[in-house]
Structures are given as structure tokens and as C-alpha cells.
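Worksheet: the structure to be examined is printed underneath.
The values are calculated or read from the model by the stated rules, or taken from the named source; none is laboratory data. Predicted model only: the values in this text are computed from it and were never measured. Cβ sites come from the backbone with ideal geometry, for glycine too, and all protein chains shown count toward neighbours.
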Amino acid sequence: MHPFDIKTVLFAKHAQHIVLIHFPIALFTIGVLFDFLAHWTKRRQLDAAAYCNLFAAALTTIPVVITGIVAWQWELEGQKLKGILLMHLVMGCVSGVLICVVWLIHRRAQRRNGGILPAYRLPIEALAVVIVALTGHLGGFLSGVNGPG
């Protein structure tokens, strides 16, 4: 097996999900940080940066969910959903939905309210960051990073 063989890279049983998952986590977390900073400082540039990061996070959740399901089927051989695997799957789906909802709140505000964002988004964003972090933590156990895998 050669480390730069394209088949090895593309068809590793779990590699794609583990590599791709970092993008929506980082983009969403930094997008929320930019949004909180924009809210407190009233700087439009931070608001624009938040929107771009949240959009990219929502976009990247699609391949992450797909590769997560593929990793479950290939690497874990479709084992029964229970325990940490079940919690990770459910929280991953909730995380993906919350990331998309947060971006849709921002998109709707841009289109309908002239960019004025509703205040209720901030607790939703904070909750979503916590759920995303917990989901990643559980995924670490499945991959063996946070303990036996």
C-alpha cells in the first residue's frame, strides 16, 4: 500500500469523514464567534465574515453527513446503532440541522430585514456550538482519539 495512491486516499474506509468533519466544525464555530463580535461591536465587516463562514459551514455539512453514513457502513460494518455510535449519529444530525438553521436565519435577515438580525439567534448559535462540540467529542471516541475506538 502506497500512501499517495489515489485509491488509498479515496477508498479508505473512514478517512473522508474524519478529514472533512473539521471544516464545518471550524467554519461554524468561527462564524458564530464573528457573529457575536459583530453584535457587540456593530462592525458590518464581522457580520459579513460571519455570514460567509456560516454559509460555508452549512454547505460542508452535506458531504460530512454522507461520509459519516458511509464510514458507519464501511468501517463499522453497519453495526447496530447503540451507545456512543447512536448518540453520535443523532447529535450529528441535530448539529447539521442547527448549522443550517443558523445560516438560514442570517440569510433571511439579509433578504427581508435589510441585514438586521433577530436577537433570538444568539442563544440558538451558542446552543449549536455546544452540540457540535459534544458531537465531535463523541466522534473522537468512535475514531479512537478520545479513548478506545
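Residues checked against (1) under 22 Å from A26 (Cβ atoms); (2) hydroxyl-bearing (S, T, Y); (3) in contact (Cβ under 8 Å) with a residue 12 or more places away in the chain; (4) out of contact with any Asp or Glu (no Cβ under 9 Å at 6 or more places or on another chain):
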{"position": "Q79", "(1), (2), (3), (4)": "no, no, no, yes"}
{"position": "L85", "(1), (2), (3), (4)": "no, no, yes, yes"}
{"position": "S95", "(1), (2), (3), (4)": "yes, yes, yes, yes"}
{"position": "H106", "(1), (2), (3), (4)": "yes, no, yes, no"}
{"position": "P118", "(1), (2), (3), (4)": "no, no, yes, yes"}
{"position": "V130", "(1), (2), (3), (4)": "yes, no, no, yes"}
{"position": "G136", "(1), (2), (3), (4)": "yes, no, yes, yes"}
(message) Let me spell it out: the conditions are (1) over 23 Å from A26 (Cα atoms); (2) in a helix (DSSP H, G or I), and I124 meets all of them except one. Which number is the exception?
(response) (1)
(request) Have a look at A26, A50 and point out the one that is surrounded by 16 or more Cβ atoms within 10 Å (Cβ to Cβ), modelled with pLDDT of 95 or more and small (G, A, S). (result) A50
(message) For the range 90-149: of the residues being among the small types (G, A, S) and under 19 Å from I62 (Cα atoms), which is surrounded by the fewest Cβ atoms within 10 Å (Cβ to Cβ)?
(response) A133
(message) Please go through (1) within 19 Å of H17 (Cβ to Cβ); (2) surrounded by 14 or more Cβ atoms within 10 Å (Cβ to Cβ) for G83 and return the number of the only condition it doesn't satisfy.
(response) (2)
(request) Only residues in the range 31-54 that are on the phi < 0 side of the Ramachandran plot count as the first member; pair them with residues that are among the polar types (S, T, N, Q) and crowded, with 21+ Cβ neighbours inside 10 Å, Cβ under 6 angstrom, at least 6 apart or cross-chain, and list the lot. (result) G31/N53
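Taking helices (runs of 4 or more DSSP H) that do not extend beyond the range 8-115, which have at least 1 residues that are among the hydroxyl-bearing types (S, T, Y) and within 18 Å of H137 (Cβ to Cβ)?
Working: elements: 15-20, 22-41, 44-74, 83-112.
Here the list reads 22-41, 44-74, 83-112.
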